[in-house]
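One structure is given here, and the rest of the page talks about it.
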């Protein structure tokens, strides 16, 4: 018996008139005109059916906290970090969970199926760590959550960051994180990468580093990250996130750096929305765009995925959990306007982050998990152009969200509700 049958679907690879049969939570068959009785059938009407969107870089502990205790008036990364430091003592376990769950409701209505979130471990209470581990369990029926132990204040710069990171990993956090450019010296930044990669290698964990998130062309920690990856045999398990200093590096140096990254099989995760707004703040004119060298990294063969990074928090006051918006900003900011490059940005918010996060069973193929979204568009480029309506979101072969023209209707863990991005705007900001 087929549990769910999607008919007349267009797939991201261009195939049209395809049916998708789901049974026991998996894709049982993809072919034209599948025969057999189904418990439920949905006519996709020629619209695009895609595997779920994935956000490979986010900060769920801070999300929806905009305006608490104040706004970031300069719009800079450093003021955001300082503001987060003011917010941390005000956090409660319950409030972090409540905001995270509200965000996840919004995310799933946008077709999100997996999120990698960084969690600050520089609070000795590990309040956010414990809260997000609880959130991970609660949202498991509809979103896969990977958690990165992230020493926001610096692995060495913060006195207790090292011991707290180890404690977080012992509690069950999935990935080792770092921020070498925020250490006191370049030498400390390099040393932090060495130790963090050794921790990951010893525990058999993945690595995701906030790396060179600065306009300083002399911030070259990605070089160390690539070398440590090779030394420890972590090939394919390490992500360099942001990498914004590359936009200002000497071209000759980059011609040496990118092959080193390729040898190490690094993954790269730029974050178009936040990089285009936070970087270049010290510039007059000409003003730098802020994104790393995405076309060059792609051409060299690196796996590049896009992250959302922030939604209504100390660093970014906008956002709606929409990875199509992220893809669109990538197109505009780089810019990448060839048909091939625009089509590629759809992969940067679906299959590419799945590879970086080592997600099992992801994709639209027989035997994959029956997780996908029906988009009101006929191809990936049109989906990005229109920020296409998510008509139906399927998880494990079951419908968990449907939409009309304005609202998304969720049926998650027995708690039906309607959500709309406007519901998540913080109130009373003055």
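The values are calculated or read from the model by the stated rules, or taken from the named source; none is laboratory data. Just so we're clear, the structure is a prediction, and the values are computed from it rather than from any experiment. Cβ coordinates were reconstructed from backbone atoms using ideal geometry, including for glycine residues, and neighbour counts include every protein chain displayed.
Computed quantities for the displayed model
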item	result
Test result for residue 327, under 28 Å from residue 100 (Cβ atoms), modelled with pLDDT of 95 or more and outside any loop (DSSP other than H, G, I, E, B)	yes
Options 65, 56: the member that is surrounded by fewer than 24 Cβ atoms within 10 Å (Cβ to Cβ) and within 27 Å of residue 390 (Cα to Cα)	65
Residue pairs meeting the criteria (Cβ under 8 Å; at least 6 apart or on separate chains; first farther than 11 Å from residue 226 by Cβ and in the same structural domain as residue 231 (by TED's automatic domain parsing), in region 248-261; second at pLDDT 95 or above and assigned to a helix (DSSP H, G or I))	249/257; 254/246; 254/296
Region 359-409: number of residues that are in contact with a helix residue (DSSP H, G or I) (Cβ under 6 Å, 6 or more places away or on another chain), over 21 Å from residue 19 (Cα atoms) and not in a helix (DSSP H, G or I)	2
Sole exception among (1) in contact (Cβ under 8 Å) with a residue 40 or more places away in the chain; (2) out of contact with any helix residue (DSSP H, G or I) (no Cβ under 6 Å at 6 or more places or on another chain); (3) closer than 20 Å to residue 282 by Cβ for residue 220, by number	(1)
Candidate set: region 113-128, residues that are farther than 16 Å from residue 179 by Cα and more than 16 Å from the chain's Cα centre (by Cα); chosen: the one surrounded by the most Cβ atoms within 10 Å (Cβ to Cβ)	128
Of all residues making up region 196-216, the number that are closer than 25 Å to residue 77 by Cα and more than 23 Å from the chain's Cα centre (by Cα)	1
Verdict on residue 349 being touching a residue at least 60 places away in the same chain (Cβ under 8 Å) and over 30 Å from residue 86 (Cβ atoms)	yes
Residue ranges of strands (runs of 3 or more DSSP E) in region 1-77 with at least 3 members touching a strand residue (DSSP E or B) at 6+ places or on another chain (Cβ under 8 Å) and free of Cβ contacts under 8 Å to residues at least 60 places away in the same chain	2-9, 18-23, 38-43
Residue 110 being buried (at least 21 other Cβ atoms within 10 Å of the Cβ) and free of Cβ contacts under 8 Å to residues at least 12 places away in the same chain	no
The lone exception for residue 122 - which of (1) touching a helix residue (DSSP H, G or I) at 6+ places or on another chain (Cβ under 6 Å); (2) in contact (Cβ under 8 Å) with a residue 60 or more places away in the chain; (3) over 29 Å from residue 388 (Cα atoms) it fails	(2)
Strands (runs of 3 or more DSSP E) (entirely within region 86-197) containing at least 3 residues that are assigned by TED's automatic domain parsing to the domain that holds residue 371 and within 30 Å of residue 392 (Cβ to Cβ)	none
In region 155-190, the residues that are in contact (Cβ under 8 Å) with a residue 40 or more places away in the chain and closer than 19 Å to residue 237 by Cβ	155, 165, 168, 173, 175, 177, 180
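Conditions (1) assigned to a loop (DSSP other than H, G, I, E, B); (2) touching a residue at least 60 places away in the same chain (Cβ under 8 Å); (3) in the same structural domain as residue 74 (by TED's automatic domain parsing), marked per residue:
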residue: 281; (1), (2), (3): yes, yes, yes
residue: 287; (1), (2), (3): yes, no, yes
residue: 291; (1), (2), (3): yes, no, yes
residue: 295; (1), (2), (3): no, no, yes
residue: 306; (1), (2), (3): yes, yes, yes
